Amino acid sequence: MAAKKGGVPGRKVVADNRKARYNYAIEDVFEAGIELRGTEVKSLRQGKSNIGESYAAEYRGEMMVYNVYIPEYTQGNRFNHEPRRPRKLLMHRRELNKLFSAVQRDGKTIVPLRVYFNEDGRAKMEVALARGKKDHDKRQTEKTRDWNREKQRVMKNQG
């Protein structure tokens, strides 16, 4: 699978959570490694994964991501991985403490944004500290987006 347009050079995006950007106001973005087992890496390299319904939470002082769908590797053996098993995210303790305190103190949410391979070929996940949007916020976001599109069209036709 080729790298998607408009991203960071050398980064191969495997899965993108566009619904999260619509439902949440993204504040801080963090990079985390993913603890993968067995054939999960091969399945990810084929570009077959979905994080649309995933979420991250604290479990025993560690960051876990739930409901990430990485399908079984078809050429693997009978001891293949579970497609929706919880996976540990690898982050520095300082970043974890910052995330956990913001969730407890401010009521924010930890949202997975995208899964990608970095320049070194390691699987990474972008997680964000986000605040949920209300319905009127979504309408305002849509109005702003539509206005910016219309403004770009007018500017392009004028110049």
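What percentage of the solvent-accessible surface of region 1-128, computed with a 1.4 Å probe over protein heavy atoms, is contributed by carbon and sulfur atoms?
Within region 1-128, the accessible surface is 46 percent carbon and sulfur.
Applying the Karplus parametrisation 6.51 cos²θ - 1.76 cosθ + 1.60 with θ = phi - 60° to the phi angles of region 115-132, what ³J(HN,Hα) value in whole Hz is obtained for each residue in order, glycine and proline being reported as x?
Going residue by residue, I get 10, 8, 9, 7, 4, 7, x, 8, 6, 10, 10, 8, 10, 10, 8, 9, 10, x Hz, with x marking Gly and Pro.
Apply the Karplus curve 6.51 cos²θ - 1.76 cosθ + 1.60, θ = phi - 60°, to the phi angles in region 17-22 and return the couplings in whole Hz, x for Gly and Pro.
Whole-Hz 3J(HN,Hα) from phi for region 17-22: 9, 6, 5, 5, 5, 7.
In the neighborhood of Lys88, defined by Cβ-to-Cβ distances under 13 Å, what is the net charge if each Lys or Arg adds +1 and each Asp or Glu adds -1?
Details: positive: Arg37, Arg60, Arg85, Arg87; negative: Glu35, Glu40, Glu58, Glu62.
With Lys, Arg at +1 and Asp, Glu at -1, the net is 0.
In terms of modelled amide H atoms, which long-range or inter-chain residues lie less than 5 Å from the amide H of Val14?
For Val14, the qualifying residues are Val115, Tyr116, Phe117.
Count neighbours as other Cβ atoms within 10 Å of each site's Cβ, and list the trypsin sites (Lys or Arg not before Pro) in region 17-84 that are DSSP loop with at most 15 such neighbours.
Details: sites: Arg18, Lys19, Arg21, Arg37, Lys42, Arg45, Lys48, Arg60, Arg78, Arg84; in loops: Arg37, Lys48, Arg60, Arg78, Arg84.
Qualifying residues, ordered by number: Arg37, Arg60, Arg78, Arg84.
Rg(Cα) of the chain divided by 2.2 N^0.38 Å?
On the way: Rg = 18.0 Å, N = 159, 2.2 N^0.38 = 15.1 Å.
After normalising by residue count via 2.2 N^0.38 Å, the value is 1.19.
Could you state the orientation-averaged shadow area of the convex hull built on the Cα atoms of region 72-112, in nm² to one decimal?
On the way: hull surface 17.1 nm².
Average of the hull's projected areas for region 72-112 equals 4.3 nm².
Once phi is turned into θ = phi - 60°, what whole-Hz ³J(HN,Hα) does the Karplus curve with 6.51, -1.76 and 1.60 give for every residue of region 32-49, x standing for Gly and Pro?
After applying 6.51 cos²θ - 1.76 cosθ + 1.60, I find 9, x, 10, 7, 10, 10, x, 8, 5, 5, 5, 5, 5, 4, 6, x, 9, 7 Hz.
So how tilted is helix 93-106 from the main axis of the chain? Cα-based, degrees 0 to 90, rounded to 10.
Approximately 50 degrees, to the nearest ten.
Of all chymotrypsin sites (Phe, Trp or Tyr not before Pro) in region 39-141, which ones are in loop regions per DSSP and have a Cβ with at most 15 other Cβ atoms within 10 Å?
Sparse-neighbourhood loop chymotrypsin sites (Phe, Trp or Tyr not before Pro): Phe79.
Can you tell me the accessible area per residue over the chain, all protein chains present, probe 1.4 angstrom, in square angstrom?
Working: 10360 Å² over 159 residues.
Accessible area per residue, the chain: 65 Å².
The values are calculated or read from the model by the stated rules, or taken from the named source; none is laboratory data. Since we're looking at a predicted model, the values are computed, not measured. Positions of Cβ are generated from backbone atoms using ideal geometry, with glycine treated the same way; all protein chains shown enter the neighbour counts. Note: areas computed on protein heavy atoms with side chains; ligands, DNA, RNA excluded. Shrake-Rupley method; radii C 1.70, N 1.55, O 1.52, S 1.80 Å.
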